[in-house]
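To keep things clear, I will list the structure first and then write my remarks on it.
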Amino acid sequence: MSDTRLVFVTGGVVSSLGKGITAASIALLLKQRGYSVSIQKLDPYLNVDPGTMSPYQHGEVYVTDDGAETDLDLGHYERFAGITCNRSSNFTAGRIYSNVIAAERRGDYLGKTVQVIPHITDEIKRAIAEGHREGVHIAIVEVGGTAGDIESLPFLEAIRQLATEVGRARAVFVHLTLIPYLRASGELKTKPSQQSAGVLREIGIIPDILVCRTEKPLEEEHFEKLALFCSLPRKAVVEERDVTGSIYEVPVELAHQRLDELLLERLGLPVGRLDMTAWNAMIERAVHPKRGKVQIAVVGKYMAMRDAYKSVFEALRHAAAGEDLELSIAGVEAEDLTSPGGREALAKADGVLVPGGFGYRGIEGKIEAVRFARENSVPFLGICLGMHCAVIETARNIAGLENAQSTEFDQKTPHPVISLLQEQEEVMDKGGTMRLGSWPCVLSEGSRALACYGVEEIAERHRHRYELNNGYREILREAGLAITGISPDGNLVEMVERPDHPWFVACQFHPEFKSRPLSPHPLFRGFIRAAFERSL
Ligand code: GLN
């Protein structure tokens, strides 16, 4: 990391403060000031990666091109800063510990006692070096969790050591905290933030910049108090107020507060000019759309946990902003659709989206949602499990294959139209063993997919174990389901469509991971366009 500057982002007071969005915003601002930037997330939990965690625990699992199952903050990094992350962009304590334990078993420590300091901390420092390209101007490292958590300690110790090693002039600590507003007394409170900075001081980290999340504007007295108690110059206390329109306004707000200038000055780098022209135009379309409205129903089983479908929702927002349309997303619980009257939730939608998922719960409702979209000519986009549901629906309701099912849900089904990928047959471990990451797909002439993408060969990110059973291709084709995307070897069906429907497209991959606010994903864009046409 020869001349690279380091920016460490930590969090205090409470979790879910939007640390990922803040770190991603910093990355965008520094990039738009002309610097090369890389960004990485360190997570203090003991799972080796979040791939085995329930969406209720952790929200979405974000998949990188190189097939890592990672923290959803990497989605913010890619979307805000246009950075392509990889498996070194996210390390958990579980992965750090398993590397150290594997080294111990190999005998690499030559008889030494293996300890948190220096062995775990050295491995964390090695992971940080691995996570950033040699020669990058600025490396941002976000530490998950909250200062004061037991699990975070080795990570904080490692970044403290690293800052000392590279020299304090080349490293900056940004601490994100919350300034709670007490409604009863009508006051903003700075004490939790003072104490949180104190927790960091105890372990030898003095934050250089305090970023304060707040729902109300801070008064001068708050800035002064925080500066005094946290040993900071007044201008190093920065307000990050809640934004109302779009999360993509956060970097713009932080630039108003001069956070980027402060960082560059602190790192001894020229401030340069900030170019946010395209970004601001995108926000204008997202916040004040001019062409009209679309309503999309997303039918899933974790609707109470919106983070479970983070990238899907963001991709819909990018596409709507790209089309200058106002978007409203109705989250529909799949299980509600099997009860009478459940369809009412769908009736208002201009488009129906069934996203990815695992396990049987909600499946019958999702199949009902597909049937509704097909029968009523409502634009439909099915993603991964959503494609499986589309295939099952055609098999059961058009091809007359009674009880057709995916073998994920019924191993004894008479018609296994979706079955385990052959490469998965011997796989026993659950973690990191799905078909993951970017794989190529060839689109057929005359398909809607090709009309959207405009190129014949595409590459998209995957996360699945099951696929369309090739033994049923012909029957499904006869039932009106065209196969419009396949792997280059012809073996794996990647996309299906219904040519007899205004817009019915489903894919085995996850297009949502590659959508960006400034370049909405072509399939989402096609879907939103079709939904808008239907709404007219
Ligand atoms: N559960 C399905 C499979 O493993 C779909 C996965 C998904 O939607 N990501 O193939």
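The values are calculated or read from the model by the stated rules, or taken from the named source; none is laboratory data. None of these values were measured; they are calculated from a predicted model. With ideal geometry, Cβ positions are generated from the backbone for all residues, glycine too; neighbour counts draw on all protein chains shown.
Residue check: Ala169 meets all listed conditions (1) surrounded by 13 or more Cβ atoms within 10 Å (Cβ to Cβ); (2) touching a residue at least 60 places away in the same chain (Cβ under 8 Å); (3) not polar (S, T, N, Q) but one, namely (1). Beta carbons closer than 9 Å, at least 6 apart along the sequence or on distinct chains, pair a first residue in the range 292-307 that is of a type in the set (S, T, N, Q) with a second that is part of a loop (DSSP other than H, G, I, E, B) for Gln295/Lys348; Gln295/Ala349; Gln295/Asp350.
Within the range 450-464, the set of residues being surrounded by fewer than 18 Cβ atoms within 10 Å (Cβ to Cβ), at negative phi and either among the small types (Gly, Ala, Ser) or within 16 Å of the ligand (Cβ to nearest atom) (or both) comprises Ala451, Ala459. Please verify whether Val9 is more than 18 Å from Gln257 (Cα to Cα) and not hydroxyl-bearing (Ser, Thr, Tyr), treating the condition exactly as stated. Considered against the rule, which asks whether it is more than 18 Å from Gln257 (Cα to Cα) and not hydroxyl-bearing (Ser, Thr, Tyr), Val9 comes out as no. Residue count for the range 397-426, restricted to those that are within 14 Å of the ligand (Cβ to nearest atom), surrounded by 13 or more Cβ atoms within 10 Å (Cβ to Cβ) and either in a loop (DSSP other than H, G, I, E, B) or free of Cβ contacts under 8 Å to residues at least 24 places away in the same chain (or both): 6. Starting from residues that are of a type in the set (Ser, Thr, Tyr) and within 32 Å of the chain's Cα centre (by Cα), keep the ones in the range 175-222 and report whichever is farthest from Ala163 (Cα to Cα). Of everything passing the filter in the range 175-222, Tyr181 is farthest from Ala163 (Cα to Cα).
Taken together, Ile96, Ile101, Ile117 contain a single residue that is in contact with a Phe, Trp or Tyr (Cβ under 9 Å, 6 or more places away or on another chain) and not in a strand (DSSP E or B), which is Ile96.
Scanning the range 173-204 for residues that are hydroxyl-bearing (Ser, Thr, Tyr) and either within 24 Å of Ile117 (Cβ to Cβ) or free of Cβ contacts under 8 Å to residues at least 40 places away in the same chain (or both) yields a total of 4.
Residues checked against (1) touching a helix residue (DSSP H, G or I) at 6+ places or on another chain (Cβ under 6 Å); (2) at pLDDT below 95; (3) within 29 Å of Met282 (Cα to Cα); (4) hydrophobic (A, V, I, L, M, F, W, C):
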| position | (1), (2), (3), (4) |
| --- | --- |
| Gly82 | no, yes, yes, no |
| Tyr97 | no, no, no, no |
| Gln115 | no, no, no, no |
| Leu156 | no, no, no, yes |
| Ile159 | no, no, no, yes |
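Looking at the structure I just gave you, is Ala530 in contact with a Pro (Cβ under 6 Å, 6 or more places away or on another chain), under 14 Å from Arg448 (Cα atoms) and either β-branched (Val, Ile, Thr) or at pLDDT 95 or above (or both)? So Ala530 passes the test. Here the range 432-449 is the region considered, the condition is being within 14 Å of the ligand (Cβ to nearest atom) and outside any strand (DSSP E or B), and the residue that is surrounded by the most Cβ atoms within 10 Å (Cβ to Cβ) is Met434. Once the range 236-252 is narrowed to residues that are without any contact (Cβ under 8 Å) to a residue 60 or more places away in the chain, under 20 Å from Gly12 (Cβ atoms) and outside any loop (DSSP other than H, G, I, E, B), the residue that is nearest to the chain's Cα centre (by Cα) is Arg241.
With the condition kept exactly as written, say whether any residue in the range 52-64 is buried (at least 24 other Cβ atoms within 10 Å of the Cβ), in a helix (DSSP H, G or I), on the phi < 0 side of the Ramachandran plot and not charged (D, E, K, R). Within the range 52-64, not a single residue is buried (at least 24 other Cβ atoms within 10 Å of the Cβ), in a helix (DSSP H, G or I), on the phi < 0 side of the Ramachandran plot and not charged (D, E, K, R).
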